[in-house]
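Asks: Below is one structure. I have some questions about it.
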Amino acid sequence: MKIYDIVIIGGGPAGLAAAEAAYKAGVTDIMILERDVRLGGILNQCIHNGFGLHTFREELTGPEYAARYEEKIRELKIPYSLETMVTDLSLSEDNCKVVTCMNKDRGMYKVGARALILAMGCRERARGSMNTPGYRGAGVFSAGTAQLYVNIEGYMPGRKVVIVGSGDIGLIMARRMTLEGAEVKMVVEIMDHSGGLKRNIVQCLNDFNIPLKLSHSVVGIRGKNRVEGVTVAKVDEKLKPIPGTEEYVECDTVLYSVGLIPENELTRKLKADMDERSGGPKVLESLELSVPGVFACGNVLHVHDIVDHVSEEAAHAGENAASFVKTGAVPDGAKGYVDSEEKNVYRPGENEDKITCIMCPNGCNMTAVKNADGTVSVTGNLCPKGIKYATEELTAPRRTVTTTVKLTGSDAAALPVKTDKTIPKDKIKDVINELTGLTVSAPVKVGDVIVSDIAGTGADIVSCSEFSVTGGI
C-alpha cells in the first residue's frame, strides 16, 4: 500500500484549492481522488456567470473558475486519479488513514495518508424527502440533475416546467430552461422568502417574468406514466396547506430545488463527531475533525452560497494539513460548528421600487431615482459599482449570456459558451436564436471565439471550457 503525505477526496473547487495550498505550504506528496471523468466537480455543469468575484477579481462561469484551478494543479504537477470511487475509510494501528478506492484500471485497492482532506461536496434532497403524493411518473428531477442533462449531456428534461423550491440551483434552472425554449410556469416556495441569492431572483426570474409563488407548496403530482400537472396550494404559518386554495397547473416536468446535504457517509466511517445542524463534521478552527490528521472543507463541512468562500476555506484546510504532516500538530482551536455564509434573503415587497445590484455577492438593495435632467440618484449601495449598475438598470439594462452549443468530436455533448461582454437585456433572445442549431467541433480551448459580433451586439461568443478530440482535457 502506497502511503502519501496528503490524500484529498474530491477534485472539485474545495479539493483543488486545498491541494494547491498544501503544496505551497511545503508538502508535495499529494494525491487527489475524483470519481468523475474530469476535475472541477459541480462547477463543470454550472455554466452561469457570477463566480470568482472574490478569488480572481473578475466574473467567471463555473467551468472557467474550475479551469483556473485545474491549470494550477497541472503547473504544480500534483497527481490525481479520475473515475476513482472511494468506498471506505479506516485507521490503521499507527494512525495512518487508510483509503479504500476502486477504478476501472486498478480495480479495488488501498492507499494510505498521513493527513486526509475530505472535500466530497454535497448532494441534493429529492422528492422522496418532501413526501409529495402522486404516481412516480417520468418527468420528476432534482434541479441539479436537470442541469447535468441540459449543460453536459445536451438533453432537455421537458417543455412545460414547474420548479419546487427557490434555492439558487432552482432559480438558475428556471432561466436555463427558458433560454432552451421551455415554458417555466412558476417557481413554488413553501417559505415566505426565497432561499436563493437576490441577484438570482433578479436575473433568473424577474428578467423573464417567471412567477415566484411564496408561501405555496406542491401538494400533488398528476400523471402515471409521465407528469401531466401539479396541484399547488397556499400554506399557513405552520407550513400546512390551506384548504380551498388549491390551483392545478399543467406541466410535463417538475424540478425539485429543496436544499443540499453535505456528503458525509465516508466521514461517519471514521466515527468522527458530527454536527446535527449542518450535517457536516464538528471541526477545530484549523478545520481538523475529532479524528487527528483528518480535515474537512467546502460543502462537505457546511453548504456554502459562494464558491469563492469554498476556495478560501479549503486553502486554510490545505495549509493546516501540511502543518500536521510536517510537525504532527496544527494551531490550537476550540471545537465548534463553522457557520455557513448568511444568505441574501429575498422577501416579498423588499425590492419594490428598488434595484438589487448584481455586480457582486453583496446584492445591495438600492433606491434609484431618475432625475428630470436624465441623471440617476442612487442610495443604499456599498460600493461605486452599485451606482453604475443602477444607472444602467434604469436606462439601458445589460446582461452576460451563458448557454451551451452542440459539440462534436469529443466525448462531451455540449460546450458551455458565453458573451465576452454584457449585452442589452432585450437582445438575449436574439443571441439565443442565432446560436440555435450551431455545432462546434473539438478541439476547443477556453476563450476561443465561437461567433463574432453575435446578433450585432458587438460581443463575441467564447468557449468557457476546454475539450480535446478524445474527450479529455
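Asks: Using beta carbons and a limit of 6 Å, which pairs, at least six apart or on different chains, have the first residue in the range 262-280 and farther than 14 Å from Lys97 by Cα and in contact (Cβ under 8 Å) with a residue 12 or more places away in the chain and the second one among the basic types (Lys, Arg) and outside any helix (DSSP H, G or I)?
Replies: Glu263/Arg123; Asp273/Lys282; Asp275/Lys282
Asks: Under 9 Å between Cβ atoms, at least 6 apart or on separate chains: pull out the pairs that start in the range 55-66 with a residue that is of a type in the set (Phe, Trp, Tyr) and end on any residue that is part of a strand (DSSP E or B).
Replies: Close Cβ pairs (under 9 Å, with a partner that is part of a strand (DSSP E or B)) amount to Tyr65/Phe51.
Asks: Which residue out of Glu189, Glu237, Glu228 is over 26 Å from Thr400 (Cα atoms), acidic (Asp, Glu) and crowded, with 24+ Cβ neighbours inside 10 Å? Give the derivation first.
Replies: On the way: Glu237 fails: crowded, with 24+ Cβ neighbours inside 10 Å; Glu228 fails: crowded, with 24+ Cβ neighbours inside 10 Å.
Glu189 is the lone residue from the list that is over 26 Å from Thr400 (Cα atoms), acidic (Asp, Glu) and crowded, with 24+ Cβ neighbours inside 10 Å.
Asks: Given (1) closer than 30 Å to Val37 by Cα; (2) crowded, with 16+ Cβ neighbours inside 10 Å, where does Ser129 come up short, assuming only one miss?
Replies: (2)
Asks: Which count do you get for residues in the range 311-323 that are in contact (Cβ under 8 Å) with a residue 60 or more places away in the chain and either buried (at least 24 other Cβ atoms within 10 Å of the Cβ) or charged (D, E, K, R) (or both)? Explain how you work it out, then say what you get.
Replies: Looking only at the range 311-323, we keep the residues that are in contact (Cβ under 8 Å) with a residue 60 or more places away in the chain, and these are 311-319, 321-323.
Then drop every residue that is not either buried (at least 24 other Cβ atoms within 10 Å of the Cβ) or charged (D, E, K, R) (or both), which leaves 311-314, 317-319, 321-322.
Looking only at that region, the number is 9.
Asks: Could you tell me which numbered condition Thr28 fails, if it satisfies all but one of (1) surrounded by fewer than 19 Cβ atoms within 10 Å (Cβ to Cβ); (2) under 13 Å from the mean Cα position of the chain (by Cα); (3) of a type in the set (S, T, N, Q)?
Replies: (2)
Asks: Within the bounds of the range 420-433, is there any residue that is out of contact with any Lys or Arg (no Cβ under 9 Å at 6 or more places or on another chain) and either more than 28 Å from Tyr389 (Cα to Cα) or part of a strand (DSSP E or B) (or both)?
Replies: Scanning the range 420-433, I find no residue that is out of contact with any Lys or Arg (no Cβ under 9 Å at 6 or more places or on another chain) and either more than 28 Å from Tyr389 (Cα to Cα) or part of a strand (DSSP E or B) (or both), so the answer is no.
Asks: Checking the condition out of contact with any helix residue (DSSP H, G or I) (no Cβ under 6 Å at 6 or more places or on another chain), modelled with pLDDT of 85 or more, closer than 24 Å to Ala115 by Cβ and in a loop (DSSP other than H, G, I, E, B), which residue from His302, His309, His316 passes? Reasoning before the result, please.
Replies: Details: His309 fails: in a loop (DSSP other than H, G, I, E, B); His316 fails: in a loop (DSSP other than H, G, I, E, B).
The unique qualifying residue is His302.
Asks: Specify which of the listed residues (Ser194, Ser215) is of a type in the set (S, T, N, Q) and more than 21 Å from the chain's Cα centre (by Cα).
Replies: Values: Ser194 fails: more than 21 Å from the chain's Cα centre (by Cα).
Just a single option satisfies the conditions, and that option is Ser215.
Asks: Restricting the range 194-216 to residues that are at pLDDT 95 or above and part of a strand (DSSP E or B), which is surrounded by the most Cβ atoms within 10 Å (Cβ to Cβ)?
Replies: Step by step, filter the range 194-216, then rank; the result is His216.
Asks: Being closer than 26 Å to Glu70 by Cβ, free of Cβ contacts under 8 Å to residues at least 60 places away in the same chain, among the hydroxyl-bearing types (Ser, Thr, Tyr) and out of contact with any Ser or Thr (no Cβ under 9 Å at 6 or more places or on another chain) is true for just one of Ser463, Ser441. Which residue is that? Give the steps one after another, and end with the answer.
Replies: Working: Ser441 fails: out of contact with any Ser or Thr (no Cβ under 9 Å at 6 or more places or on another chain).
Of the residues listed, the single one that is closer than 26 Å to Glu70 by Cβ, free of Cβ contacts under 8 Å to residues at least 60 places away in the same chain, among the hydroxyl-bearing types (Ser, Thr, Tyr) and out of contact with any Ser or Thr (no Cβ under 9 Å at 6 or more places or on another chain) is Ser463.
Asks: Kindly provide the set of residues from the range 434-443 that are at pLDDT below 95 and within 17 Å of Arg176 (Cα to Cα), ordered by number.
Replies: Thr436, Gly437
Asks: To continue, here is another question. Could you look through the range 105-160, keep only residues that are part of a helix (DSSP H, G or I) and of a type in the set (S, T, N, Q), and pick out the one that is farthest from Ile8 (Cα to Cα)? It would help to see each step written out before you state the result.
Replies: Looking only at the range 105-160, we keep the residues that are part of a helix (DSSP H, G or I), and these are 127-130, 143-153.
Adding the requirement that they be of a type in the set (S, T, N, Q) leaves 129, 145, 147, 151.
Working: Ser129: 30, Thr145: 25, Gln147: 26, Asn151: 27 Å.
Top of the filtered list is Ser129.
The values are calculated or read from the model by the stated rules, or taken from the named source; none is laboratory data. Treat the numbers as computed from the prediction; the structure is a model and nothing was measured. Glycine gets a Cβ as well: all are built from the backbone with ideal geometry, and neighbour counts include every protein chain shown.
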